[in-house]
Amino acid sequence: MIQQGNFLLMERNEFREWLKKQVVTRPIQFLQVHHTASPNYSTRKMVNGIAQQDTFKCLEGMRNYHLSEGWAATGQNITTLENGQIAISLDRPLNRIPAGIRGFNNKCICIEHVGNFDSGGDKITDEQKKTIIHLYACLAERFNLPINTDHIIYHSWFTRTGIRLRDFTPGKSSKTCPGTDFWGDGNTVAAAKKNFLPQIQEELNRLKGQNKNISKGDQPMTIQEQADFQALQEQVKQLTSKLSMDKIPEWAMEACVAAKNAGAVDTTSGGSYDFYRLITVMYRKGFFK
Ligand SMILES: [Zn+2]
């Protein structure tokens, strides 16, 4: 994790733990999905899949652009990069309402994905894809949001004034963002449901499975543990049956009758194994006559 200037840059596997420590008091109901359009993989100067441009330069460049537009801070709360890294905007912490979708930012976290994912633009890298899926799953986990198009929202589903449309509608939607070829599927509601949301759901399930493994008590017994447990149950059953036997053992019957006739005991049923042994020994020694 590196903090420099106005951003905190981290690896994908650092995000979930970082997120758990953040204090967010404003309500969060929506996770926005954007592409930056510019910067993109060209301005990042990609050579063999590796950006030659300094990442902080890219991030500060975005921020400077937003400030030049009269905004108070970087618009988005979070940015993902082509190498899979995640940048947190220090001047737009999670607890601060973002500037992502004009007229629809309240209760939102704004996430910008660096790249131009309109048709004919950038082909998203596998690393960035993995990070994006993990990121939304972590946010959904943290803020307890269902994975659907009511809560994970594309910019393209909103008008210029922030009215939610039923779908991306050319002429009515304010932008094509996150790109007409986002995720290789597009920017429509059907496109989001095709691969993007199911992949986030799958990742969320995986994360929840990890939680279960942490609290070992919730784990089902292994085959060996089951066998041990059964053996233990059998032993307890035998021990308790010896304490109070269902019926008088055959070998103690004669002794019991004699002991009762002699007035030595009132009752001889329901005794323990040791009781019947002792009665038998006494009978054989001639105590009951
Ligand atoms: Zn957007």
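Has the range 110-124 got any residue that is open to solvent by 10 Å² or more (accessible area, probe 1.4 Å) and within 20 Å of residue 13 (Cβ to Cβ)? Break it down stepwise before answering.
First pass over the range 110-124, keeping only residues open to solvent by 10 Å² or more (accessible area, probe 1.4 Å): 112, 116, 118-124.
When the remaining residues are screened for being within 20 Å of residue 13 (Cβ to Cβ), the result is 124.
Checking the range 110-124: at least one residue is open to solvent by 10 Å² or more (accessible area, probe 1.4 Å) and within 20 Å of residue 13 (Cβ to Cβ).
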Query raised in the report: Which one of these is in contact (Cβ under 8 Å) with a residue 40 or more places away in the chain, of a type in the set (Lys, Arg) and touching a strand residue (DSSP E or B) at 6+ places or on another chain (Cβ under 9 Å): 164, 160?
Result: 164
Report task. Could you tell me which of the residues 74, 80 is within 16 Å of the ligand (Cβ to nearest atom) and under 23 Å from the mean Cα position of the chain (by Cα)? Result -> 80
Query raised in the report: Quick one: would you say residue 266 is loosely packed, with under 11 Cβ neighbours inside 10 Å, among the acidic types (Asp, Glu) and free of Cβ contacts under 8 Å to residues at least 12 places away in the same chain?
Result: yes
Report summary line: Note on the range 12-48: residues away from the ligand (no atom under 16 Å from the Cβ), at pLDDT 95 or above and under 25 Å from residue 121 (Cα atoms) are 12, 41, 42, 43, 44, 45
Report summary line: With criteria (1) loosely packed, with under 12 Cβ neighbours inside 10 Å; (2) in the same structural domain as residue 82 (by TED's automatic domain parsing), residue 235 comes up short on (2)
**Report entry** Any strands (runs of 3 or more DSSP E) falling wholly within the range 1-87 and containing at least 1 residues that are among the polar types (S, T, N, Q) and surrounded by 12 or more Cβ atoms within 10 Å (Cβ to Cβ)
**Finding:** 2-4, 30-35, 78-80
Report task. State the number of residues belonging to the range 158-189 that are within 14 Å of the ligand (Cβ to nearest atom), closer than 21 Å to residue 137 by Cβ and not in a loop (DSSP other than H, G, I, E, B). Result -> 1
Query - Close pairs (9 angstrom Cβ cut-off, 6 or more residues apart or separate chains): touching a residue at least 24 places away in the same chain (Cβ under 8 Å) and small (Gly, Ala, Ser) in the range 31-44, open to solvent by less than 20 Å² (accessible area, probe 1.4 Å) and near the ligand (Cβ under 8 Å from one of its atoms) anywhere - result: 37/177
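Rundown of residues vs (1) more than 12 Å from the ligand (Cβ to nearest atom); (2) part of a loop (DSSP other than H, G, I, E, B), yes/no style:
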{"site": "109", "(1), (2)": "yes, no"}
{"site": "129", "(1), (2)": "yes, no"}
{"site": "132", "(1), (2)": "yes, no"}
{"site": "149", "(1), (2)": "yes, yes"}
{"site": "153", "(1), (2)": "no, no"}
{"site": "191", "(1), (2)": "yes, no"}
Query raised in the report: In the list 139, 145, which residue meets the criterion of being away from the ligand (no atom under 16 Å from the Cβ), out of contact with any Cys (no Cβ under 8 Å at 6 or more places or on another chain) and part of a loop (DSSP other than H, G, I, E, B)?
Result: 145
Query raised in the report: Does residue 212 satisfy being touching a residue at least 24 places away in the same chain (Cβ under 8 Å), open to solvent by 100 Å² or more (accessible area, probe 1.4 Å) and more than 30 Å from residue 169 (Cα to Cα)?
Result: no
Report task. Consider only pairs whose beta carbons are under 7 Å apart and that are at least six residues apart or on different chains; among these, list those whose first residue lies in the range 8-21 and is of a type in the set (Asp, Glu) and whose second residue is open to solvent by less than 30 Å² (accessible area, probe 1.4 Å) and not in a helix (DSSP H, G or I). Result -> 11/85
Query raised in the report: Taking residue 116 and the conditions (1) part of a loop (DSSP other than H, G, I, E, B); (2) closer than 21 Å to residue 27 by Cβ; (3) not hydroxyl-bearing (Ser, Thr, Tyr), which numbered condition does it fall short on, given that it satisfies the others?
Result: (2)
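The values are calculated or read from the model by the stated rules, or taken from the named source; none is laboratory data. None of these values were measured; they are calculated from a predicted model. Don't worry about glycine lacking a Cβ; one is built from the backbone with ideal geometry, like all the others, and counts go over all protein chains shown. Accessible surface is based on the protein model in full, side chains and every heavy atom, while ligands, DNA and RNA are left aside. Shrake-Rupley method; radii C 1.70, N 1.55, O 1.52, S 1.80 Å.
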